[in-house]
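This report concerns only the one structure given below.
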Amino acid sequence: PRSPPPPHVVLVASPCAGHVMPMAELARRLVAFHGCAATLVTFSGLAASLDAQSAAVAASLPASSVAAVTLPEVTLDDVPAGANIATLIFELVRRSLPNLRQFLRSIGGGVAALVPDFFCGVVLDLAVELGVPGYLFLPPNVASLACMRRLVELHDGAAPGEYRDFSDPLHLAGDVTISVADLPIEFLDRSNPVFGQLIDEGRRHRRADGFLVNSFAEMEPTIVEDFKKAAAEGAFPPVYPVGPFVRSSSDEPGESACLEWLDRQPAGSVVFVSFGSAGMLSVEQTRELAAGLEMSGHRFLWVVRMPSHDGESYDFGTDHRNNDDDPLAWLPDGFLERTSGRGLAVASWAPQVRVLSHPATAAFVSHCGWNSVLESVSAGVPMVAWPLYAEQKVNAAILTEVAGVALRPAAARGGGDGVVTREEVAAAVRELMDPGEKGSAARRRAREMQAAAARARSPGGASHRELDEVAGKWKQTNRAPYE
Ligand code: UDP
């Protein structure tokens, strides 16, 4: 009998750089190491900047092995102005389902598995309809999934229409707890429209065939263990930590003003400061950060984004701000001149994977977006955790309390909504750069986690084996039509 073709896995990525990038990496690995064929499906029409990010990631895929498909635009014009980005994405995906169904039916040879990411959970319903396995991909960690699971348990365990509050701190697994103030704010406010959407998503999670998580067991061992136990007892679908997926530095331009500048700095002397693809600080906070970097006396490379004027901590480009605005214009007067030679401020974007793996880079002041975290860990760079939105406070808690690779200023803790003062910025940077006891411990842990991450994703490593196990299941379910 002829040998069966590789199982064709269709990955469905919502339109944020932080989701499309790790899914592209997952697709690549499924093809390169696990005997699968893969197609990456993306969306369009939410915002030009997001479309451009998705298109750039799709274009970077090896065309000979991973196919890329963009679904046609659907209208979102009737969604109320000011809707949360999560609401917009959930709606975009829901309205795109007919197009996705049509695409899946058009694939010759069938689909062995559907792998939507967190915002595309509704695709799990389509998997059931088509009779194919559905695995949810989580760009962040297993801890975030544990929080989701608790939210839904509390909601559905209460009398109808009621919801019991989280006990504080919330127990996640073993001796790991998380302060309620570190949960995403949408979890805490039942009047927030996203709250109900998260409950719906969390209920859907129970019907998934499994979860692929962009994390690795050594990063959050107790929580991973807890899910393994739950799966063995049939209490929750299996969770497979299969990361870290970090894009290769060869996907980034090799030449830029940042890299040229870094080349001229001594090894291990620079603090990299960045708040991801969307993070925003207030005008006052931008000023304090500038003063703190100046006060620290250390070299720095700061990716400056436009400040927020309305208290929002992110801007995914969906509200059509003026792209011609210059973020550097918001830096304090004379700051660039005074720090000239030891500091570089660049507007909006830097080739982050290259920056983090550059020998001059020694520490990272980060908003704790999970991709940024994994990039930092993979480069062995300790962090100052400065979470802003989404699940970033959960990430910060795991980094400081469990993995031990970051320091967190008091004002950047859950409930600490105040401004991180210049003194706190300078103190955190100095603790890592002229390491005191805590800084030395974080540096040591960062090196240990770097080695653990490399082990996990190497052939035969824990994450590699987990993905192999899942691909093995897909090969089995795939066999029938070809026998
Ligand atoms: N990124 C980058 N340059 C920048 C800002 C961000 O290359 O100046 C990349 C970063 O390397 C990461 C992604 O954008 O891979 C951001 O994802 P993350 O999960 O850290 O945060 P998000 O932007 O989704 O909040």
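What follows is calculated from the coordinates using simple rules that are stated; it is not laboratory data. Predicted, not measured: the structure shown is a model, and the values here were computed from it. Reconstructed Cβ throughout: ideal geometry from the backbone, glycine too, with neighbour counts over all protein chains shown.
Computed values, structure above
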read-out: Förster radius 60 Å - calculated FRET efficiency between Ala232 and Ala329 (Cβ-Cβ, nearest 0.05); value: 0.60
read-out: The chain: relative contact order as a whole-number percent, Cα under 8 Å and 6+ apart; value: 15
read-out: Prolate/oblate/rounded call for region 237-333, Cα gyration tensor, a/c under 1.5 rounded; value: oblate
read-out: Region 1-106: equivalent-ellipsoid semi-axes (sqrt of 5 x gyration tensor eigenvalues, Cα, Å); value: 28, 15, 10
read-out: Stretchable slack from Arg206 to Ala158, in nm (0.36 nm times residue separation minus alpha-carbon distance); value: 15.5 nm
read-out: DSSP bridge orientation in the chain - percent antiparallel, rounded to nearest 5; value: 10
read-out: Rounded FRET efficiency, nearest 0.05, which uses the C-beta distance separating Glu284 from Ser348 and R0 of 25 Å; value: 0.80
read-out: Simple spin-label estimate for Ser64 and Glu469 in nanometres, 7 Å along Cα-Cβ; value: 3.3
read-out: Theoretical gain in end-to-end length, Glu423 to Val180 [0.36 nm per residue, Cα-Cα removed]; value: 84.8 nm
read-out: Segment Ser191-Lys438, length gained on full extension (0.36 nm per residue, minus Cα span); value: 84.9 nm
read-out: Gyration tensor (alpha-carbon) shape descriptor, region 328-398, a/c threshold 1.5; value: oblate
read-out: Arg455-Glu401 FRET efficiency (beta carbon distance; Förster radius 22 Å; 0.05 resolution); value: 0.45
read-out: Stokes-Einstein D (µm²/s) once Rh is taken as the Kirkwood radius of the chain over alpha-carbon pairs, at 20 °C in 1.002 mPa s; value: 93
read-out: Segments 398-406, 77-85, 232-240 sorted - mean Cβ within 10 Å per residue, highest first; value: 398-406, 232-240, 77-85
read-out: Binned Cα-Cα distance frequencies in region 123-244 - 10 Å width, integer %; value: 12, 42, 37, 8, 0
read-out: Helix axis angle, 17-33 relative to the chain longest principal axis, alpha carbon, degrees; value: 50
read-out: Leu130 versus Glu255: modelled label distance in nm, points set 7 Å from Cα along the beta carbon direction; value: 4.4
